[in-house]
Every structure is written in C-alpha cells, then in structure tokens.
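For reference, the structure discussed in these notes is given below.
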Amino acid sequence: MSGTIIEISTNARSRRRLRHSGLLLIGIGLTGIVLPQVISITLSLLVGGLLLAAAALTGYAAWHGFARSRLGWLQPVVLLFLGLVMLLLPSVGAAAIGLILTVFFLLDGIAGIALAYAARPLPGWAWTLFSGLVSLAIAIVFIAGWPFQATWLVGLFVGISLLLDGLSLLILAAPGP
C-alpha cells in the first residue's frame, strides 16, 4: 500500500460537503455519548422493526409461492422470532447488535488506518489514523465487556466513533497550505 495515492478533490464545493457531513456526524456522535442507552435501545427497536417488516414480506412470498412447503415458511418464522425478541427484549437486541458492531469497529479501524496511510501527504492524515486506532480499541473494549455492558456500550461507542469520523472529515475539509 505504500505506493497507493488517494486523490481527494480539494475544491471549495467538495470541502463544504465534507464539512457538512462532518458536522452531522459530530452531532449524532455527541447524542450517542450523552445518551448511550437511548441510542442502544433505539437501534435495537429499529432493527426489530426491520426484521418484522422482512418477516411480513417473506411471509407474503411464502404464502403465495410456497404455501404447501414447510421449508418455505422457515425464513419468515425466523425473522418474526428475531424481530419480536429485538422489540420485546431490547437489551438482548443491544447485545446482539454489539457483536455486529464489534465487527464493524474492527473493519472501520482497519479502513481508517488504511485511509490515513493513503492520505499521508494531506493535512489531517494523523487524525484519520487516530480515529482508526480508536475504532480498533473500541472493538477490543466491547469484546471484553460483552454482553453485560452492551446496553450502554453500543450507544457510547457508536457515538465516539461517529464523533471522531466527523472530526476527521472536518480536518480533511480544511483548506491545505
């Protein structure tokens, strides 16, 4: 990767878009830091609702395409069960989301580190590296505290990650020398 060069548009319009995206990410991130349990439960309820919607759609398809096949009903039943668990037991849902987010933080950290090295000549590359390292650290801390601290860790760590990603975008959007 040492020979990889990333080209980032540095015109005023692109910098303004980066800045606006960064500010929005910072706002969402601060919400997660201040209200971590609200973010965790909200994520759990959102995913539960999406799973119920998917259960209804696959149930509709099973009804019209596989009405006589028990195997055709497996997916809608599993989606219905998981959706109900996420909605009725949001802390269990938050723990499950925590495992998924652990993978996200690991991949986000690796991607952030790779982007930092690719953007190394640009101002702010070190901040992007820091953001990637923090994402890796979040993944490790989450693994150590799972599942007992999942309800507040999910919201807090999502908030921290989004805050740092927003700051990275703001710094990268700054006009160069």
From the options A126, A94, A116, residue that is surrounded by 20 or more Cβ atoms within 10 Å (Cβ to Cβ), among the small types (G, A, S) and more than 27 Å from L35 (Cα to Cα): A116
Count of residues meeting criterion [under 13 Å from S168 (Cα atoms) and either surrounded by fewer than 16 Cβ atoms within 10 Å (Cβ to Cβ) or acidic (D, E) (or both)] in the stretch 18-29: 4
Output for the stretch 139-177, where each listed residue is within 18 Å of R16 (Cα to Cα) and not in a helix (DSSP H, G or I): A174, P175, G176, P177
Residue list for the stretch 97-107, restricted to those being without any contact (Cβ under 8 Å) to a residue 40 or more places away in the chain and surrounded by 15 or more Cβ atoms within 10 Å (Cβ to Cβ): F104, L106
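Each reported figure results from applying straightforward, stated rules to the coordinates on display, with no laboratory input. Keep in mind that this is a model prediction, so the values were computed, not measured. Cβ sites come from the backbone with ideal geometry, for glycine too, and all protein chains shown count toward neighbours.
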